[in-house]
Amino acid sequence: MATGAAVTLRLMTESDLPMLHAWLNRPHIVQWWGGESERPSLDQVVAHYRPRVLAQEPVTPYIALLGEEPIGYAQSYVALGSGGGWWPDETDPGVRGIDLSLANPLQLNVGLGTQLVKALVERLFSDPLVTKIQTDPAPSNQRAIRCYEKAGFVQHALVTTPDGPAVYMVQTRSMFENAKRAAQG
């Protein structure tokens with residue numbers, strides 16, 4: 001692990017798909033992304049994520065890096081009109097949804113997830129059209145909930161998503177800007 005390095009993001013490429021396939025089959029990720037019965041094959045990962053890499057879908061995929069080392073996956077999407085039963089009541093085109101995971105179980109609980117969330121939030125709010133960022137961890141995923149809270153998200157409600165119950169968490173642009181001003185002193 002790179003000591004003292006910051007977590008950064010780069011856009012995912014087609015050459016990352018085999019690595020993502022391996023990550024999505026690790027037990028600590030399978031637990032929260034589909035479950036044991038949904039372990040994806042490489043062909044399924046390519047079919048699902050390649051259109052995102054090629055910008056044929058409105059989901060933007062990223063690879064998180066610690067120095068030069070790939071350490072995780074993140075994605076963002078426009079919540080409005082995301083379809084499939086996701087966020088049907090959303091009316092603000094500036095809302096972005098996010099999802100992420102760290103690849104290495106040995107890198108959990110050391111602050112890298114929080115750094116990853118902060119890097120993604122910073123990147124998304126660099127777009128002046130983004131008004132709010134939301135996420136939806138499972139209620140039992142306390143690690144993810146704490147991580148998002150450390151990165152400035154606030155729990156708003158327990159909601160039902162196509163994947164089941166979730167904790168709806170948000171960070172608005174004003175929350176982000178206020179925290180940034182406070183950190184600058």
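Quick one: dipole size for the chain, taken about the Cα centre, charges +1 on Lys/Arg Cβ and -1 on Asp/Glu Cβ, in debye to the nearest 20.
On the way: 15 positive and 18 negative charges, 110 e Å.
The dipole magnitude comes to about 520 debye.
Gain on full extension, evaluated as 0.36 nm per residue between residue 150 and residue 39 minus their Cα-Cα distance, stands at 37.0 nm. Put in order of Cβ neighbour count within 10 Å, fewest first, the listed residues 118, 150 become 150, 118. Our summary of shape: the Cα atoms of the chain have principal axis extents of 45, 42, 32 Å, ordered from largest down, in whole angstrom. Averaging the sequence gap over all C-alpha pairs within less than 8 Å and six or more residues apart, then dividing by the number of residues, gives the chain a relative contact order of 17 percent. Remark: spin-label model distance residue 54-residue 14 equals 0.8 nm, labels positioned 7 Å along the Cα→Cβ axis. Calculated FRET efficiency, residue 110 to residue 90, Cβ-Cβ distance, R0 = 30 Å: about 0.35 to the nearest 0.05.
Any read-out appearing in this document is the output of simple, stated calculations on the displayed coordinates, not a laboratory observation. Keep in mind the model is a prediction, meaning the values are calculated, not measured. Neighbour counts run over all protein chains shown; Cβ positions are idealised from the backbone, glycine included.
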